[in-house]
Amino acid sequence: MSVEEILLRRWGASDSLCEIVPVSRVFSSTMAGAKKPFIVLLREIVKPTYPTTGTTGPATFTLRLELHHDSFDAAEEMLDRVVAELNGVRFPTDDGRTLILRFVARHHNRPGETDWTCIAEFRGMLG
C-alpha cells in the first residue's frame, strides 16, 4: 500500500478531515480545474542507506500537501486544521507497518487573481 493510499484511506475514515475537505477532493496528482477547495498530495521519496552495512532503513519521504482555495484566510484556517489532524499521528497499515508524519514547514502562493495555494510540508516515515 502506498503512502497516498494510506492517507486517502485515513482521510475517508476521518469525519474531522472530511469536514475540512471531502476525500473526493483529495488527489495524489495535480488536478487542474478541480472544484475548490481541494488538496493535492505530492511525495518525494528519500531512502537512507547506512554506510557501514549498505542496508536501507525505513522508507522516508517529504510530503507536500497543497490546499487550493479562492480565499487566503479560509485556506489558512483549513490548513491549520489539517496539520493538527496529521502531525505526529501514527497510522497503522494493513501490512503491519506504520506511517508517521511530522510537520516541518508552511508556504503559500497566489498563482492567479482569485487562486490561493497554502502548502504544508511534512517529513514522513513508513516502516
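The values are calculated or read from the model by the stated rules, or taken from the named source; none is laboratory data. Just so it is clear, the structure is predicted and the values come from calculations on it, not from any experiment. Virtual Cβ from ideal backbone geometry, glycine too; neighbours counted across all protein chains shown. Surface areas here come from the heavy atoms of the whole protein model, side chains and all, with no ligands, DNA or RNA. Shrake-Rupley method; radii C 1.70, N 1.55, O 1.52, S 1.80 Å.
Tabulated data
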{"read-out": "Any pair with Cβ under 7 angstrom, 6 or more apart, that starts in the stretch 88-101 at a residue that is at negative phi and ends at one that is open to solvent by 30 Å² or more (accessible area, probe 1.4 Å) and at pLDDT 95 or above", "value": "101/87"}
{"read-out": "Condition met for residue 64 (out of contact with any strand residue (DSSP E or B) (no Cβ under 6 Å at 6 or more places or on another chain), closer than 22 Å to residue 127 by Cα and surrounded by 11 or more Cβ atoms within 10 Å (Cβ to Cβ))", "value": "no"}
{"read-out": "Residue selected from the stretch 106-127 under the condition free of Cβ contacts under 8 Å to residues at least 24 places away in the same chain and out of contact with any Phe, Trp or Tyr (no Cβ under 9 Å at 6 or more places or on another chain), by the criterion nearest to residue 17 (Cα to Cα)", "value": "107"}
{"read-out": "Residue selected from the stretch 22-67 under the condition among the polar types (S, T, N, Q) and under 10 Å from the mean Cα position of the chain (by Cα), by the criterion modelled with the lowest pLDDT", "value": "28"}
{"read-out": "Subset of the stretch 1-34 [exposed (fewer than 15 other Cβ atoms within 10 Å of the Cβ) and either assigned to a helix (DSSP H, G or I) or among the aromatic types (Phe, Trp, Tyr) (or both)]", "value": "5, 12, 13, 15, 16, 19, 24"}
{"read-out": "Qualifying residue in the stretch 16-26 (condition: of a type in the set (S, T, N, Q) and in contact (Cβ under 8 Å) with a residue 60 or more places away in the chain)", "value": "yes"}
{"read-out": "Candidates 82, 3 - the one that is out of contact with any helix residue (DSSP H, G or I) (no Cβ under 9 Å at 6 or more places or on another chain) and touching a residue at least 12 places away in the same chain (Cβ under 8 Å)", "value": "3"}
